[in-house]
Amino acid sequence: MSENDDRFPEGFPEERSPQGDKKTFSSLAKEELCRERLSRPCCTRAEAYGVLLFCNGFSGDGIRIVTASPAVAQRLPRLFRRAFGVRFDRQPGENARGKQTFAVTDPVKLGRILDTFGYDHGQVSHHINYAVLEESCCQAAFFRGAFLAAGSIMDPRQRYHLELTTSHYAVSRELAPLLAEMDFHPKTTTRRGNYVTYFKQSEAIADFLTAIGAPLSAMELMNAKLEKNIMNRVNRRSNCDMANLDKAVAAAQGQIAAIRTLRSSPRWDALPENLRETAELRTEHPELSLSQLAELAGVSKSCLNHRLRKLMELAEELNSEPRP
């Protein structure tokens with residue numbers, strides 16, 4: 001399947017790995033992103049903004065974030081403390097597993113968060129406030145937060161696909177100019193009432209991962225692509241060799257059939273010695289290629305090929321002669 005194949009994976013699986021299973025590529029990428037330091041206040045707020053616009057619920061009544069990633073679950077409390085100076089009103093315990101839910105319902109905390117992004121109290125307009133994302137570092141942090149909240153990437157050994165999913169149409173639409181500023185041009189679609197922005201080209205996915213802070217995942221993706229390219233070349237070479245072998249076997253069988261025809265006729269004894277020697281070699285070594293047979297006969301490949309063609313022509317003449 002080509003990496004530019006535009007078929008969309010219906011029901012793209014959420015990131016989840018049953019207990020004991022190997023971690024998904026998405027979970028490993030998110031672990032790498034969560035190792036990014038929360039340093040500049042503007043970038044910390046931008047990352048939190050990405051989480052809010054792509055999380056499960058963000059309104060004047062409350063915030064609800066659900067994640068299956070342990071790394072994201074560990075990062076969220078630190079992110080919200082650094083960005084807004086607030087703690088979640090609801091969050092899982094230290095030993096929680098599976099999907100974990102974080103929530104803010106306190107009006108004072110909600111007001112502080114809404115003020116940060118210029119929203120009126122009690123009213124959340126689900127649009128991207130570009131003023132919060134003027135710097136390129138903040139744009140990258142915003143998309144890091146969006147990916148942590150609602151991003152998925154398929155294992156590149158299977159196919160190339162990265163997506164960001166939001167339930168807000170305006171947010172999805174307004175991603176395009178923001179991504180264009182970073183020289184990214186993804187496609188969009190809808191799935192089960194959600195709006196999906198997605199990449200299907202390996203280079204674009206690798207560049208996006210690098211931009212948001214996951215260069216190791218990007219390198220792993222490109223390594224997987226290199227391995228697939230090598231395997232494809234090996235398979236093509238193997239298929240070509242098999243096709244050539246089939247042709248050689250078919251040619252040898254035709255030559256041996258012609259030799260048998262000549263042996264059963266009076267013409268055999270009248271054949272020149274070099275043709276009889278060639279016929280004997282081919283009959284004794286049906287598995288050899290033309291080059292190998294020529295080496296065994298001590299003649300050039302073209303010379304041997306000429307002799308075999310002559311034998312086949314003589315056999316065809318015999319077969320075309322009217323029978324008494």
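The values are calculated or read from the model by the stated rules, or taken from the named source; none is laboratory data. Just so it is clear, the structure is predicted and the values come from calculations on it, not from any experiment. Don't worry about glycine lacking a Cβ; one is built from the backbone with ideal geometry, like all the others, and counts go over all protein chains shown. The protein model used for the area step is the full one, side chains on, heavy atoms only, and it has no ligands, DNA or RNA in it. Shrake-Rupley method; radii C 1.70, N 1.55, O 1.52, S 1.80 Å.
Restricting to region 206-251, and then to whatever is charged (D, E, K, R) and at pLDDT 80 or above, can you tell me which residue is farthest from the chain's Cα centre (by Cα)? Out of the qualifying residues, it is ASP207. With respect to (1) in a helix (DSSP H, G or I); (2) of a type in the set (Val, Ile, Thr); (3) open to solvent by less than 20 Å² (accessible area, probe 1.4 Å), the lone exception for THR210 is condition (3). From the list LEU76, LEU53, the lone residue that is without any contact (Cβ under 8 Å) to a residue 40 or more places away in the chain, assigned to a helix (DSSP H, G or I) and buried (at least 19 other Cβ atoms within 10 Å of the Cβ) is LEU76. Looking across region 189-206, the residues that are part of a helix (DSSP H, G or I) and surrounded by 16 or more Cβ atoms within 10 Å (Cβ to Cβ) come down to SER202, ALA204, ILE205, ALA206. Close contacts from region 141-165, counting a first residue that is surrounded by 24 or more Cβ atoms within 10 Å (Cβ to Cβ) and a second that is acidic (Asp, Glu), with Cβ to Cβ under 7 Å and a gap of 6+ residues or different chains, come to ALA141/GLU47; PHE142/GLU47; ARG144/GLU36; ARG144/GLU47; GLY145/GLU47; GLY151/GLU163; TYR160/GLU3.
Per-residue answers, yes or no, for (1) surrounded by 14 or more Cβ atoms within 10 Å (Cβ to Cβ); (2) in contact with a Leu (Cβ under 8 Å, 6 or more places away or on another chain); (3) more than 18 Å from ALA250 (Cα to Cα):
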| residue | (1), (2), (3) |
| --- | --- |
| GLU284 | no, no, no |
| LEU304 | yes, yes, no |
| LEU314 | yes, yes, yes |
| ASN319 | no, no, yes |
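Restricting attention to region 79-92, the residues being touching a residue at least 24 places away in the same chain (Cβ under 8 Å), open to solvent by 10 Å² or more (accessible area, probe 1.4 Å) and not small (Gly, Ala, Ser) number 2.
Does ARG16 satisfy the condition of being at pLDDT 90 or above, open to solvent by 80 Å² or more (accessible area, probe 1.4 Å) and basic (Lys, Arg)? Criteria not met by ARG16. Does region 289-296 include one or more residues that are part of a loop (DSSP other than H, G, I, E, B) and more than 29 Å from MET242 (Cβ to Cβ)? No, region 289-296 has no match at all.
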